[in-house]
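The values are calculated or read from the model by the stated rules, or taken from the named source; none is laboratory data. Keep in mind that what you see is a predicted model, and the values were worked out from it rather than measured. Heads up, the Cβs are rebuilt from the backbone with ideal geometry, glycines too, and the neighbour counts pull from every protein chain shown.
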Amino acid sequence: MAKLVYEYILIRFGELTTKGKNKIEFIRKLANNMKSALSNYPDLVFERTRDHIYVHLNGTDPDEISPILKNIFGIRSFAKTLKVDNDIEAIVKAAKDIMEDKEGTFKVITKRANKKFQLRSDSINRMIAGEILRNFAPTLTVDVHNPDYKLIVEIREKNTYLMAETILGAQGFPVGVGGKAMLMLSGGIDSPVAGYLTMKRGVEIECIHYTSMPYTSLESLNKVKELARLISVYQGQINLHIIPFTNTQMEIYRVCDESYAITMMRRMMYRLAQRLAEKNNCLAIVNGESIGQVASQTLESIGAISEVVDMPIIRPCATLDKLEIINIAKEINTYETSILPYEDCCTIFTPKNPVIRPKKEKCRWYEEKYDFEPFLQEALENVETVIINPSTKFDDDEDLF
């Protein structure tokens, strides 16, 4: 039996269906993101409507592009689709073609948007189901409650569209409709998840990573680059800004009480993140903080650390527990990379007894007593930016500094 050739993929929208006058802008952005993600398939043609996007395959294998579509935010679901004339004989034949190679149970669901069509939905359902049973039973049987396949028949104004295998998409909003933010990307489990959840809300991200060579290793840096690559599949390309933080970090440990070192270090990181965010037209800072998970993530610590910036800070993981974050990390394929045993600048200098309820006044006292500004300027002057996309390959011997 020859493989059925599908002509279209029908894209159903996600949360953007709740939008009003700006809905068309969201749809346009989604279509552009799809074109970019599928740029290696030049035969595809995208047709936008207010309710769907139709991808004209023109001979492209739909099973080949389905894994790409699954990672595009703004898509609620999609399905391989046959398009026929609004003729009952053509509709029944297409339904039989779709179900011919399948086994199990099915249900026919007709959506008659075109109310002028001569038959009602129930009649169409019975007609199609009866013809399928006559041709393919007992391989296929009807189950209206929990079918293996839902054969959907959408009768529209000009044509009818049929599909039987709906694939869930990434949902959310199309990346880019919500502006851009700077993600503080460490080598841990939480920050890649925070980046993923931020992109899901339609926010494009750039990443900032602090490195403390020679105390941190090249493997640690490459681990972060790989994490950026893994989450870039949801955006297409990510700019990773790598900041040399060693001198700033050493000065903090030289002049501050060890118990306050992490708090002071995070304050400096936030300052650098805001300056780099503003330079790159980002509207917010994103991080992977989860309330109470470590000493620097108590409410007192968060307050003491974040007071040094005046732009929004987004914490998508704030109320998630560790197991919830790990489950998401596994779903987006970052977990195994995140747990590689290469320490970053936050873990390698962790004090034995970090303060968990730091005082803002004491933090300010340290900063008034010692001038950290030259160290911050030095770090910003030596930023290295790496452009990463899903196909980027890294040289293990690469040395950025």
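Here is how the numbers come out for the structure above:
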quantity: When residues of the stretch 347-358 are limited to those that are within 21 Å of T216 (Cα to Cα) and not polar (S, T, N, Q), the one modelled with the lowest pLDDT; calculated: I348
quantity: Residue selected from the stretch 266-288 under the condition without any contact (Cβ under 8 Å) to a residue 40 or more places away in the chain and among the basic types (K, R), by the criterion surrounded by the most Cβ atoms within 10 Å (Cβ to Cβ); calculated: R266
quantity: Matching residues in the stretch 309-327 - criterion: being of a type in the set (A, V, I, L, M) and not in a loop (DSSP other than H, G, I, E, B); calculated: I313, I314, L323, I325, I326
quantity: Qualifying positions in the stretch 25-50 - touching a Lys or Arg at 6+ places or on another chain (Cβ under 9 Å), surrounded by 15 or more Cβ atoms within 10 Å (Cβ to Cβ) and in a loop (DSSP other than H, G, I, E, B); calculated: L44
quantity: Matching residues, the stretch 168-182, being aliphatic (A, V, I, L, M) and under 13 Å from the mean Cα position of the chain (by Cα); calculated: A170, V175
quantity: Lone qualifier among I291, I252, I231, I242 - being more than 20 Å from E381 (Cβ to Cβ) and either crowded, with 20+ Cβ neighbours inside 10 Å or free of Cβ contacts under 8 Å to residues at least 24 places away in the same chain (or both); calculated: I231
quantity: Of the criteria (1) outside any helix (DSSP H, G or I); (2) under 34 Å from the mean Cα position of the chain (by Cα), which one N114 fails; calculated: (2)
quantity: Conditions (1) within 23 Å of Y196 (Cβ to Cβ); (2) buried (at least 17 other Cβ atoms within 10 Å of the Cβ); (3) of a type outside the set (F, W, Y): number failed by T263; calculated: (1)
quantity: Residue within the stretch 243-254 that is of a type in the set (S, T, N, Q) and at pLDDT 95 or above present; calculated: no
quantity: Single residue of the stretch 112-158 satisfying the filter (at pLDDT below 90 and of a type in the set (S, T, N, Q)) that is surrounded by the most Cβ atoms within 10 Å (Cβ to Cβ); calculated: N114
quantity: Answer from E361, E289, E367, E300 - the residue that is touching a Lys or Arg at 6+ places or on another chain (Cβ under 7 Å), part of a helix (DSSP H, G or I) and at pLDDT below 95; calculated: E300
quantity: Some residue of the stretch 125-139 being assigned to a loop (DSSP other than H, G, I, E, B) and either closer than 19 Å to K158 by Cα or free of Cβ contacts under 8 Å to residues at least 24 places away in the same chain (or both); calculated: yes
quantity: Residue check for I109: in contact with a helix residue (DSSP H, G or I) (Cβ under 8 Å, 6 or more places away or on another chain), in contact (Cβ under 8 Å) with a residue 12 or more places away in the chain, under 24 Å from R12 (Cβ atoms) and not in a strand (DSSP E or B); calculated: no
quantity: Filter pass, E204 being without any contact (Cβ under 8 Å) to a residue 60 or more places away in the chain, within 30 Å of I238 (Cβ to Cβ) and not polar (S, T, N, Q); calculated: yes
quantity: Residues that are aliphatic (A, V, I, L, M) and at pLDDT 90 or above, drawn from the stretch 370-401; calculated: L376, A379, L380, V383, V386, I387, I388
